[in-house]
Every structure is written in structure tokens, then in C-alpha cells.
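Engineer: Next up is a structure, given as C-alpha cells.
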Amino acid sequence: MLRPFEIHEPGTVEEASVLLAQFGFDAAIYAGGTELLLIMKEGLAHFPHLVNIKTIPGLDEIALSTEGDELQIGPLATHWELERSPTVKKHAPLFAEVESQVANTRVRAMGTIGGNLCFAEPHSDPATLLLAWGATLELSSADAQRQLPAADFTLGMFETARQPDEILTRIRLPLLSENTAGAYRKFSTHERPMATVAALLEVKDGMIEHARLAVGSVGPVPIRASEAEGLLRGQGAEEAAFSTAGELAASASDPIDDLHGSAEYKRHLVRVLTTQALEQAAKRAVGAVNEG
Amino acid sequence: MTAGIGHNVPRVDARSKVTGEALFTGDLKLAGLLHGKVLRSPYPHALIRRINTDRAALLPGVMTVLTSTDLQDIDPYYGHSIKDRPVLAIDRVRFVGEPLAAVAAQDEITAEQALSLIEVEYEDLPAATTLDEALSEAAPRLHETDTLRPGLFHGLGELHPQGNICYHHAISRGDLAEAFKQSEIIVEQEYTFPAVYQYAMEPHTVIAAWEGKSVTVWASCQHPYLVRAELADLFDMPVANVRIIVPFLGGGFGSKSYTKMEPITVGLARKAGRPVRIANRVDEAMVTTRRHNMRCWMRTGAQADGTLLARDVRFWMDTGAYADNGPRVVATAADAAPGPYRWKSFQIDAYCVYTNRPPAGSYRAFGATHLQWIGESQVDEIARQAGADPVEIRIRNLLRPGEEVRPGGKLLDADLVGDVQKIATALDWGSPKPPDTGRGIGVGLLAAGARPVSTAIVRMEIDGHATILVSSTEMGQGVRTVMSQLASQELALPIDHIKVPGGDTLITPYDRSTGASRSTTLAGMAVHRAAREIRHQLLEIASQAFEVAPGTIELRDGAAWHADQSLSYSELIQFHFGFTGGELIGRGEVSPGGGKGSYAEGPVFWEVCIGGAEVRLNRDTGRLHITRLVSVADVGQAVNPHLVEAQEMGASMQGLGNALFEEMVFDEGQILNGTLLDYHIPTTEDMPDQFISRLAENEDGPGPYGIKGAGEGALAGVPAAIVNALADIGVPVRELPITPERVWRALKDTEGERDDAWGPPSTP
């Protein structure tokens, strides 16, 4: 049951940061509420103060940078908005595709990308994708701002590098080169996915120039499968050893036994999903090159 | 327009439900209403050394704290089947989630805060949290067996509890050893069925108002009259002093059958002297009642050509710490165990076992859901070994109408061969299958109807409108619509002139229960007879008014017609009373002592449980995709075909959930997936690509117009069909649910050395 709390409605990031600094661990940032209110209702956490950042204008903006080289997403953009945004669909279609698969319609309508990343639930779809993508997160406090690679943001289960007085103010997605394509695969039996895999391949003259592979949901945080990435570099995009890469990703992943399934089965799923994601990414990359 | 039986009348409660006007127990506001919360045990088995409620009682806003010491003036044990359960735990707790204290406060938050101020000292006891543990020699005993008393509605003969086995049910026929000796094919295996949660959108909600020598209870309960009897017995008062009012229910499925949260709520209201409301949350509902997990051993024998000869079954059902409806579930499961076939001999031994888990009770199609997939998978295995087609082997061995299902029971009252043929046709049985695609059929019988005691009153008011007083609970199944149609048919009255207000034991007369697919058949028969009494009165009055014989009068569209003369019902009633007031009263009853058909022998009817499935297997992940689900509603005659189809879909989806993913996971008596985040219930995303529902209308039921009940069968039929469809692709199933991981392991094992992937437990 939701216990009483005080809600604060700052008008600027600075005000919000000051409130967060003032209340410390007694405060939480309130955005979509799809994760926060759930744990508060379950009594797993109680915050006497909620800082509602939805009152801060501009934090839901989705736009191309002035240089035109990256997509800049405000933390308050909902999954629903991201999956439908013409800007996202045009410049980062894979991201829109992944957003359309997050949780369910109700969560997508209310839940925000910022909340999803900051909650650091181990089964986050966007977190897996952004790790492979090499996104950068902008964190702001009243008197400072810093940029953090997605890889350094998620530290553990429900744990991020965000300081109590910091607010995630922007997610920066560098646009993929014309000869790069990606794919995302997930497998779910419950509300949250059991295994997620994101693959990005840069293909030049039919050869894989660069591979980026992230595995999520099976462990506390998404991980990069660098050995598999290394294996693929220099291989022909249409005949690469994707199933070997899948095996490498599977052994790199460190699944845990839980209600979703055994570690052994999850490792198997990582192998299957990685192989499928790579095959699809390769097909898309080659297709893009051929079309271009 | 009159809208009698066979019409797809829109639900009479549809508008009020979609607009939010419909009231559920939780919507009701009472002056001075307090909010109750329940303190539940964190231990599966422990002695309560001390409970100190002082600090909780002093919290501002708290009105009352209740423990078992407040109930010492009454006999605080209840349980309709076995009186084994104290209202609040006395001296010891037997499952994680057992209520041991309750608080009533001005609001829910205060009540919940007060719970955290109650100090309890426990002394941990050895626990038996699984069937294996409970059945072992050294098992801790859940109850002193010599103190167990039968409950008010035990109905299964004398109790002979032994150890942790609270009830044993045995059925047999013929010479088993001889029949197996003649068997050239014998299939034998162990199986397990998981604990399942009967999710209803509205968890149990109760409001109780104590009025000195009487009590009024608003409850989300399926069986108001049985709850009334148990509350009157507990609080030692005449039944008429207990008034149960049942608003709409947000789903029941058996989870709200019999007494659940009512005793604690009444106990709190009695002590507080003010009305109290308790509204379970989902995690509390899960430890209030659930479906029995089960272990089963089954052996089936047949001739080389697939002619079935013998079946031997032993199974143990985990009823948790208190019997709840366990004995009846076990007996009904035993009825379902042989399957609907012509056996030379069968023997069923069924055990109801106490464990340190939350109590298990009714859930739609109980017993049949547990046993049918097992029996039907053995029939398919025999078909494979005999080289026979599964449809053909069934048609050859199925019972025909009038044959004995179980010794001393009602003879078969359904055309099972016709039903199987309908399923086969809808599945395109025999047509080529895409790769990794299997098809399966499951057919069985469920002893339905519970006890055939129902009464109803129909009042026709001065304006010619009718009100049906019947205690059937509207829990989503559409019973108010069905009763309206039955009355409309008999009274020749437009449906919007008929009102069905719902159960209130002060006003609506006795009905045994709403469950076991009984309402349309039994309460429906009572309504039909009550309406018919009014029909006769109307004809009699009209014959006086027209001064003609009653036989020359026709009732049509709310009026009596003689040739081209007509008098509305309103005019007839005014003519009869000679005044602009008065009303006609019709009464109807059903009892084992009378009525059409054979109400005296059980069951009231055999509900056909049949399903067909076509599944596609993903060999990479082990995931099953249901491409087609088929059911047949063998209803005698459909009162409202759309409602029947909706019931079939609902039951099929629950069957799909039971088959593919639903399981309450326990670790040392603690539920690990006690919220809907972790416990997956079927949703629209789990729907099959194609759902086909067929009607069988052979007018062979014991209700009015040959009606028999529906709505449960598909829940048992679908898992059996899915299991057989998977076996059709070469994946044997011995444990539900069939999760992708289990299928993947089975696939690995069939590729390898055919090791036993399903790990059935050993027989004790």
C-alpha cells in the first residue's frame, strides 16, 4: 500500500538537484512511476519525498543535435513516444524497434526512458541496446554536468553511477554510419525478459569492420561480449561464424538461476538469440549497403 | 422484445460494468466503516509463544486489535469440509501467510502500521512443506487427527484421517489383476501437477457490520448460503440472524467458494462494534486459497489393437495446512481419473494430504484438470503403440449414453463420440501438418452440479415487470442474463422488464452454491418453475377476464391474447386484485427428492471436458506456439450461445495458463512468486492464433429444456489437448506447466540417451 509522501515540483533542473541534495536518501525522482510506485506499493522502499521532474520543461524533447551527428533524447520521453517519434524512426529505427517491445502498452504509455535507465532493473531492454550502441548519458546537478558512457552508468542491480543530487538530463545516441545495422532479440516468459541481445555490425565491402554485441537480462547488468566481437572482425558478413560468436557470448554471459529459468537454459538462450541477432544485423547491413 | 433461450441477448449487466456503475463489495461506503488488516505468519510451522498487541492498540486511529484470545467465548474452528481451521491461529501457525491477528483502524495505512507494532514470539517447528515431506515416516503432524471433526458440508462419509492424510477416496470396479494380465500394451508413469493461483481481478473483499444479536455481511463470495451457515455456526446464532449480501464479483473461479475472509472480518466487527472492511491484495489472495498441487502414478492397460482394458491410479493432492475443499477436490479428481472409457476394471486411490503450505481449495474444473491430461496422454501412448489413430481409438473405447461412468453414479448423459468428432473436424484432423507442428485431443468427464438444492421466487409487480429473487452469484459468467432469459421465455416478457438484483440471504431464497457449473441447470430450473407458476396464474386470471378456457389463451409480449383481444399483464393483475396494486408470486425449487431427471443420484450431470490443440514447437528455445485451440460446449441447449462461447474462451485460456506457465513456486513453504509481476497469468498476448468453439445441443441435460451446465470443461480439456499435441511431435510431458525450459530439456534428452528429464518423485 502506498504510504503518504510529500511531492515536490521543481521548475528547473537546478531546483530539482537542490531538493535531491537536501533530502538525500529520503527522496526519489518521480517520472513515469511505473517502477517506483510499484516498489513503494509493495513496501520494498519508502521515500518520504518525491521530486517530480515532469514539471521541468524541455526534459521530454527528442531532437537531432545541431551538428546532425547524434540523437538527443530527454529523459522524460516515454517509451510510447520513442517508438512513434518520426525523428527516432528516421535516424535510429533500431532504437524505436526496441522501444516498441518494452514491457506492455500500459508501461510504455507511462514509463520514461530516463526512469528505465536510472532504475537499473536488470532486465531493461533499452539498457542492453544502449550498451551496444555506445550511447552517452548526461548527468546534471545544480552546479555541474558530466557525460558518462552507457557502459559506465549501470553499476549493478538497481545501482547506477548517478549521484543522489544528479539528474539524468539527456541520452545521446550517435547516429550509426550508413553501413552499420543492428538487430535486437529478446525472450520472455514473464513480465520482464529472460534474455536480451543487441547486435550492431559495421560492414564494408562485404566484410565485418566492427561488431558490437551486448547481452542483457541474464545477469545483474548488461555486458559486452567482446570476445565474440573480436572473432567477427574481418569476417565476411554473409558467412561469418555467427553461431561460434553465439557460443562465445553465451560463455561470456554470467547467468543466474532464478524464477525465469536456470543459468544453463539462459546461457543456451543467449547463444540462440546472439546468433539470430547477428544474422539479422548482417542481413540488414548488407541490404543497406546494397541499397545505398 | 421477448428474448428467451437460444438468443444472443446482450449481457444485462454490460452497461453498468463498462460505465463503472456496477458496485462491487470494495465500492461500498458505510457510515463509520473501519479498515481491517491481517497479520500473517512468516513461518511455515511454528509455535506462537507470545503475542503482544499493546503498542498496536495504542497507535492513534486504531480501534481494535483481534487475536484468538478474543474468540474464546465461541468455538473458533470452521471449515465446511473438516473443522480444522481456527479463525485466527491458536498457539501455532501452520503456513506462511496464516492470519494470527487483525487490526481495525480508521484507514488502511494506520491498520497496516499497527500490524508492524504487534510483537510475536515464535518457536520454529520442523515443517512438512512438500508432499514428500508430509508423507514421510518422520513427518511432523499438522493436526491432531483424533480431534478433527467433519464440517457442516463434508458430505463424503466418515472422516478417517491418518497421519497427514486427512481424507482417502477409493473407487474400483472389476478384477484389476486379471484385466492387466490380458493387457498386451501397458503404459505406466509418474506425473506432477503444480500449485496454481485462481487469479480473479477482485481479490476477496468483505464488509461486516455487527448489530448486537445479528450481523450483516457484504462479501465477494460465491456461496452466500454456505457462508451464512458457517458464520451462524461459528458465532452461535440462528441462520436468519446472519445476512449475507453479494454484490457483483470481479471473478470467482472457485477462489471465492465457501468461507474465506468472512470469519476474521466478522470477528473484528464484533469486537469493534463498528462495520469493518477487509480487502485482500493479490499476495494475500494467493495465500487464502489456491489449486492443489499433486503427484500421480497411473498405469493403463490395453489389448494390442488399442482396446482399453484396465486403469490403476494413485494420487496425492496437497491441500495445504487446512483442508478447505480438499476432500471434495480429491473425490472429484477420483471420478475423473478413469476417463470416459469402457473399462474391464479400474482402481483409483486418492489421498488428500496436509502440508505446511497455504490451503488449497476449488478452482474451475478441479480434479478433471488434474487428472485428464495424464489419462489422455496414456491413451495416446497406447494408440501410438497399437498403431491406431488417436481419434479412432477414442471413438472405439468411449462410453456411450446410458453406460456406467462410475459405480453407483449417474449413467452417461452425453454424446462423447459426437463431441470428439466435432473437435477432430475443427482441428482438420488427418490433414497434413506443417513442420514441428502437432495436434492433440483430450476428452474427459467432470462430476458437475454439486448438491441439487436451489430455490427461486419470481415476483410480477403491478406494472407487469418481473423481479427474479435467486441467490446465484454474478461473477462474470452472465448468470443474471441467463436467469432473465429463462424467465423471459416462460413469461413471454421482454428482457428489459425483468430484473435480477443478486443474492441477499434476507431476501433471495436458498441456493446451495454458485459453482460446479450448476446455476443455469439447477437455480435455472428453480427460476423456470417459479416463472411457470406465474405463467399459470396469468393464464388463470386471463381466462376469468376473457371468460374463456385457459387453453385458448396465448401469452405474448407481456400480454395475454384471446383471438384479437388482449390484456397486458398489468391489466390482468389489476383485474385480479380489483385495485391498482398487488403482485403475483411464483416459487420454484429443485431438490434431490423431485424434479425432472435424476437429481437423487450424483452427479447432477457429467460435464464434458473436451479440447483440441494444434501447437508449433520452436526447437531453438523450446517455446510452444498455440496455433489453434478448439473446444466443444456440450450444453444440452444453449440459453445464450455468445455467453457459452465466452465461457469456453475463458476456461480455455485458464487451461492454457495451467498447461504452459502457471505455477506457484514454493521454497520451504514460502511463495517465491507471490505477486503478478512474477506469477504470469494468461493475457491477450497468450491467445492462440485461432480459437474455435462449437456447441453440442442434444437436449440431454437435467435442466429446463434439456439444459446442462458449461464453462468448466475446456479448462480440463485444453491442457490434455496441448500435452497430446506435444507428444505428437515426440516430446513426452509428465510435469506441468510445460515451460520452454522443460521442453528444451526434454528435447535435449530425446536427442541424447532418453534420460528422464521430468524427474518424477518416487512413490512413498
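Engineer: Of all residues in region B:91-117, count the ones that are in contact with a Lys or Arg (Cβ under 6 Å, 6 or more places away or on another chain), closer than 23 Å to A:Met40 by Cα and away from chain A (no Cβ under 14 Å).
Structural biologist: 2
Engineer: Quick check: is even one residue across region B:683-701 within 11 Å of chain A (Cβ to nearest Cβ), touching a residue at least 40 places away in the same chain (Cβ under 8 Å) and of a type in the set (Phe, Trp, Tyr)?
Structural biologist: Within region B:683-701 (the criterion being within 11 Å of chain A (Cβ to nearest Cβ), touching a residue at least 40 places away in the same chain (Cβ under 8 Å) and of a type in the set (Phe, Trp, Tyr)), the answer is no, since none of the residues qualifies.
Engineer: Another question, if that's okay. Out of A:Gly32, A:Gly74, A:Gly43, A:Gly11, which single residue is on the phi > 0 side of the Ramachandran plot and small (Gly, Ala, Ser)? I'd like the intermediate steps shown before the answer.
Structural biologist: Working: A:Gly32 fails: on the phi > 0 side of the Ramachandran plot; A:Gly74 fails: on the phi > 0 side of the Ramachandran plot; A:Gly11 fails: on the phi > 0 side of the Ramachandran plot.
None of the other options fit; the residue is A:Gly43.
Engineer: Please find, within region B:398-429, the residue that is surrounded by the fewest Cβ atoms within 10 Å (Cβ to Cβ) out of those that are farther than 20 Å from B:Val635 by Cβ and touching a helix residue (DSSP H, G or I) at 6+ places or on another chain (Cβ under 8 Å).
Structural biologist: Within region B:398-429, the subset farther than 20 Å from B:Val635 by Cβ is B:403-404, B:406-409, B:427-429.
When the remaining residues are screened for being touching a helix residue (DSSP H, G or I) at 6+ places or on another chain (Cβ under 8 Å), the result is B:406, B:409, B:429.
Details: B:Arg406: 21, B:Gly409: 16, B:Trp429: 18.
Once the filter is applied, the top-ranked residue is B:Gly409.
Engineer: Restricting to region A:107-129, what's the tally of residues that are under 8 Å from the mean Cα position of the chain (by Cα) and of a type in the set (Ser, Thr, Tyr)?
Structural biologist: Summing the residues that are under 8 Å from the mean Cα position of the chain (by Cα) and of a type in the set (Ser, Thr, Tyr) in region A:107-129 gives 2.
Engineer: Do we have any residue at all in region B:8-25 that's over 34 Å from the mean Cα position of the chain (by Cα) and part of a loop (DSSP other than H, G, I, E, B)? Let's see the steps before the verdict.
Structural biologist: Let us first name the residues in region B:8-25 that are over 34 Å from the mean Cα position of the chain (by Cα), namely none.
There is no residue in region B:8-25 that is over 34 Å from the mean Cα position of the chain (by Cα) and part of a loop (DSSP other than H, G, I, E, B).
Engineer: Tell me whether region A:143-155 contains one or more residues that are assigned to a strand (DSSP E or B) and within 14 Å of chain B (Cβ to nearest Cβ). Please lay out each step first, then the result.
Structural biologist: Step one: filter region A:143-155 for residues assigned to a strand (DSSP E or B), giving A:145-149, A:154-155.
With the extra rule that they be within 14 Å of chain B (Cβ to nearest Cβ), the set shrinks to none.
Among the residues of region A:143-155, not one is assigned to a strand (DSSP E or B) and within 14 Å of chain B (Cβ to nearest Cβ), which makes the answer no.
Engineer: Mind checking which residues of region B:282-297 are more than 19 Å from B:Val217 (Cα to Cα) and in a loop (DSSP other than H, G, I, E, B)?
Structural biologist: B:Val287, B:Thr289, B:Arg290, B:His292
Engineer: Suppose the filter is in contact (Cβ under 8 Å) with a residue 12 or more places away in the chain and in a strand (DSSP E or B); does B:Val96 pass it? Spell out the reasoning first.
Structural biologist: Numbers: in contact (Cβ under 8 Å) with a residue 12 or more places away in the chain: yes; in a strand (DSSP E or B): no.
Taking the combined requirement at face value, the residue does not satisfy it.
Engineer: For region B:148-227, which strands (runs of 3 or more DSSP E) that fit wholly inside it have 2 or more residues that are within 28 Å of the chain's Cα centre (by Cα), within 30 Å of B:Thr675 (Cβ to Cβ) and not small (Gly, Ala, Ser)?
Structural biologist: Working: elements: B:165-173, B:185-193, B:205-210, B:215-219.
Correct list: B:185-193, B:205-210, B:215-219.
Engineer: What is the one condition in (1) at pLDDT 95 or above; (2) away from chain B (no Cβ under 14 Å) that A:Pro193 does not satisfy?
Structural biologist: Going through (1) at pLDDT 95 or above; (2) away from chain B (no Cβ under 14 Å) one by one, A:Pro193 breaks only (2).
Engineer: Considering only region B:302-357, state which residues are surrounded by 24 or more Cβ atoms within 10 Å (Cβ to Cβ), basic (Lys, Arg) and farther than 18 Å from B:Arg85 by Cα.
Structural biologist: B:Arg311
Engineer: Only one residue in A:Glu97, A:Glu83 is outside the structural domain of A:Ala199 (by TED's automatic domain parsing) and surrounded by 18 or more Cβ atoms within 10 Å (Cβ to Cβ). Which one? Reasoning before the result, please.
Structural biologist: Details: A:Glu97 fails: surrounded by 18 or more Cβ atoms within 10 Å (Cβ to Cβ).
Just one listed residue meets the conditions, A:Glu83.
Engineer: For A:Ala199, indicate whether it is within 23 Å of A:Ala288 (Cα to Cα) and not charged (D, E, K, R). Lay out the reasoning, then the answer.
Structural biologist: Numbers: within 23 Å of A:Ala288 (Cα to Cα): yes; not charged (D, E, K, R): yes.
Criteria met by A:Ala199.
Engineer: For A:Thr34, only one of the following conditions fails: (1) within 14 Å of chain B (Cβ to nearest Cβ); (2) surrounded by 20 or more Cβ atoms within 10 Å (Cβ to Cβ); (3) over 20 Å from the mean Cα position of the chain (by Cα). What is its number?
Structural biologist: The failed condition is (3).
Engineer: While we're here: Name the one entry in B:Ala530, B:Ala560 that is in contact with an Asp or Glu (Cβ under 8 Å, 6 or more places away or on another chain), surrounded by 24 or more Cβ atoms within 10 Å (Cβ to Cβ) and not assigned by TED's automatic domain parsing to the domain that holds B:Gln647.
Structural biologist: After ruling out the rest, the residue left standing is B:Ala560.
Engineer: Turning to a different aspect of this structure: Out of curiosity, is B:Asp175 within 30 Å of B:Met298 (Cβ to Cβ), loosely packed, with under 15 Cβ neighbours inside 10 Å and at pLDDT 95 or above?
Structural biologist: Working: within 30 Å of B:Met298 (Cβ to Cβ): yes; loosely packed, with under 15 Cβ neighbours inside 10 Å: yes; at pLDDT 95 or above: yes.
It is true that B:Asp175 is within 30 Å of B:Met298 (Cβ to Cβ), loosely packed, with under 15 Cβ neighbours inside 10 Å and at pLDDT 95 or above.
Engineer: Still on this structure, I have one more. A:Glu239 fails exactly one of the following numbered conditions: (1) more than 14 Å from chain B (Cβ to nearest Cβ); (2) of a type outside the set (Ser, Thr, Tyr); (3) surrounded by 18 or more Cβ atoms within 10 Å (Cβ to Cβ). What is the number of that condition?
Structural biologist: In the conditions (1) more than 14 Å from chain B (Cβ to nearest Cβ); (2) of a type outside the set (Ser, Thr, Tyr); (3) surrounded by 18 or more Cβ atoms within 10 Å (Cβ to Cβ), A:Glu239 misses (3) alone.
Engineer: May I pose another question? So, of the residues in region B:734-763 that are part of a loop (DSSP other than H, G, I, E, B), at pLDDT below 95 and within 14 Å of chain A (Cβ to nearest Cβ), which turns out to be nearest to B:Thr369 (Cα to Cα)? Break it down into steps so the answer makes sense when it comes.
Structural biologist: To start, the set of residues in region B:734-763 that are part of a loop (DSSP other than H, G, I, E, B) comprises B:734, B:736-739, B:752-763.
Now drop any that are not at pLDDT below 95, which leaves B:752-763.
Restricting the remaining residues to those that are within 14 Å of chain A (Cβ to nearest Cβ) gives B:757, B:759.
Values: B:Ala757: 23, B:Gly759: 21 Å.
Filtering region B:734-763 for residues that are part of a loop (DSSP other than H, G, I, E, B), at pLDDT below 95 and within 14 Å of chain A (Cβ to nearest Cβ), the one nearest to B:Thr369 (Cα to Cα) comes out as B:Gly759.
The values are calculated or read from the model by the stated rules, or taken from the named source; none is laboratory data. Keep in mind it's a predicted model, so treat the numbers as computed, not measured. Glycine also receives a Cβ, built like all others from the backbone with ideal geometry; neighbour counts cover every protein chain displayed.
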